[in-house]
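Accompanying notes for the structure given below.
The values are calculated or read from the model by the stated rules, or taken from the named source; none is laboratory data. Predicted model only: the values in this text are computed from it and were never measured. Counting neighbours? That spans all protein chains shown, and the Cβs are built from the backbone with ideal geometry, glycine included. Heads up: the accessible areas ignore ligands, DNA and RNA and are worked out on the full protein's heavy atoms, side chains in. Shrake-Rupley method; radii C 1.70, N 1.55, O 1.52, S 1.80 Å.
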Amino acid sequence: MADCSPISIILVSSGSLRGDRLLFRYPYQELPCKPAISPAVASNPYVLREADCSGSTSNQGLTGYTDKILATLMATKTELAGDKFELKVDNLRFVGHPTLLHQMSSSIDLSRSDGPSPRREPSPIILFNIVFVIQANVSPSLNQYYHDLSKRLALAIRHEEWRCGYLNKQAQIMRDVHDEVSAMPEDSAPASPFQHMIPRCDLARELRDVYTGLCDSGIVNIRINSWILVSFCLPHKVHNNNVDAAKIEPEAVERCISAIRPYHAMLLLVDRDGLLEELPQDCSPALTRLIRIATPLKSLQCLSQDSDLALSQIFQLVSHLVYWGKATIIYPLAESNVYTLSPNAKTSVNSLLCEKFLEQFPGVCLPAVMGDFSLPLPLGEHRNPLGLPQQQGIIRLSTHGVASPQAQLVQMVVWMLQHRLLVQLHTYIYLMSIDPEAAGTGSAKSQASPLLLVPDDAARNRTISGGSEAISVGSPDGGELELSSSVETYSTYSTEMGSDGMLITKDARLQRKLTESLLSDLTEGERMSVLKVPAASNPEDLRLFARLVWYFRGQHHLEEIMYYENLRRSQLLTLLDKFREVLITCQHEDAAAAVFHTKQY
């Protein structure tokens, strides 16, 4: 994966007085180019050849291009203003958003200003362009993000220009520095005039801060002319700062956000007090309230009730924090949660994480703790019921702390989840056929969509009424099959004669109707397999099975089924045990968290 940090940021202008001009670039260091190896000298076909220095890059910035060449390339014509600017030269890509200053002159009504507004002289700058130089082999989504940032900066600068002439003032300072440096003798002239602009020019410092923010953390949070706030997040950088093996793309983050459910919990990845200090003064009070009460022990639905905010608003705020890399999505901490070591976790004893862990938990060794999570086990099984410190595995407390063993364990699990060292495994259920030969004999209609519905759609297609024990099961043709076990339903026909001359009781009729409802949803092989299970003769068990059969396609884990169907874990595990002949389980990550641990090849 190519480096997503910018190579350089450049400000160019096009005016009526001095034409195309490169006003500022950062970084401004230029290294001498290495001469290219001539073919006559390098006769060996296996020798490593160095590329020509024109258009090369280095750790210090962009080299091989003069200011005049860059100004000519990036100061576009007025016809191209307002659209995306993208130019690829060799191994470099230039991305910007050319902007005209005089576009707003006809739309701004100066008579609506608060005070007397003097008539402004025509601006010597007609067009300006803030260009980011990046590698040419980056993903197309990264190009779009840099264009978006260039557009935001251009709009903020243009607003300040029409408010107080900000761009012309700053551009004049930059031109004066250029003239002063060019007037100096060659032996005493500085290496670059841009170095002298930063102490004297506010716009130069703001562009420098944009560059350093993108390179350091991928977050830009500046105020143009101490007035217009420009906030920007580069997800390519934000979500990959602390992960070396896993490369997270913005599309994966969007999939994670779309997979957020009410039963999830939010885990802050940064210090709570530090995050509150970073928030702008005009931020939403709801966001501040959510950050203050956020805990990994409560679901988003509980946070919605505690904060008195709508669940939809909680989703939006949590999605915002996840996108900016300030929080992640987990399942609320519980003793039944199964955790194991992440495949991307660094197990070196000399890693920086070991030092951070030792500072947080004195006397506890991180590799030893990670070793106890090598095998997937429920969190409740990591502590010994006998309570002996020498037999408690990871719970080895030092005399420095006063926390209880259970609280210490929870804190360590939270810390490792924040640093993506642990992965939570969820149990998913699959319905299988006992008879392999009959597995593929079902019709296409019976293999269609009803079993693949998500819980929201499934809930709309079936209802459970407690009073009459009525069951509505969605049928493949879009209708509903309603079964009832109330006394009124069977008061007319209390008995029925079967084909073999035996009386059919009310329970037998109910079981037959339940079986018929399953026949419309399962394939032939699955029907035969379910009916062979001894638990299928129990109407209550069969009724619960028919109610949950929508989830037995490996798309929903136990916690999700428990939430949407309002079931206890013991009820669900009991059903799985009764129908274990046709139900198999497997464990893997939740879709909302898997993107942060999956390797991208």
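Points worth noting:
- Qualifying residue in the stretch 508-531 (condition: within 30 Å of residue 260 (Cβ to Cβ), of a type outside the set (Asp, Glu) and modelled with pLDDT of 70 or more): no
- Residue among 135, 29 that is in contact with an Asp or Glu (Cβ under 7 Å, 6 or more places away or on another chain) and at pLDDT 50 or above: 135
- Every residue from the stretch 531-582 that is outside any helix (DSSP H, G or I), within 33 Å of the chain's Cα centre (by Cα) and of a type outside the set (A, V, I, L, M, F, W, C): 553, 554, 555, 556, 557, 566, 568
- Among the candidates 262, 296, residue that is in contact with a helix residue (DSSP H, G or I) (Cβ under 7 Å, 6 or more places away or on another chain), open to solvent by less than 20 Å² (accessible area, probe 1.4 Å) and in a loop (DSSP other than H, G, I, E, B): 262
- Top-ranked residue in the stretch 335-378 [being out of contact with any helix residue (DSSP H, G or I) (no Cβ under 7 Å at 6 or more places or on another chain), at pLDDT below 90 and within 20 Å of residue 592 (Cβ to Cβ); ranked as least open to solvent (accessible area, probe 1.4 Å)]: 342
- Considering residues of the stretch 405-425 that are closer than 11 Å to residue 357 by Cβ and outside any helix (DSSP H, G or I) only, the residue least open to solvent (accessible area, probe 1.4 Å): 421
- Listed by position, the helices (runs of 4 or more DSSP H) contained in the stretch 126-203 that have at least 1 residues being open to solvent by 40 Å² or more (accessible area, probe 1.4 Å) and within 26 Å of residue 247 (Cα to Cα) are 140-164.
- Residues that are under 29 Å from residue 261 (Cβ atoms), within 21 Å of the chain's Cα centre (by Cα), outside any helix (DSSP H, G or I) and hydrophobic (A, V, I, L, M, F, W, C) do not occur anywhere in the stretch 312-323.
- So residue 284, is it at pLDDT 90 or above and open to solvent by less than 50 Å² (accessible area, probe 1.4 Å): no
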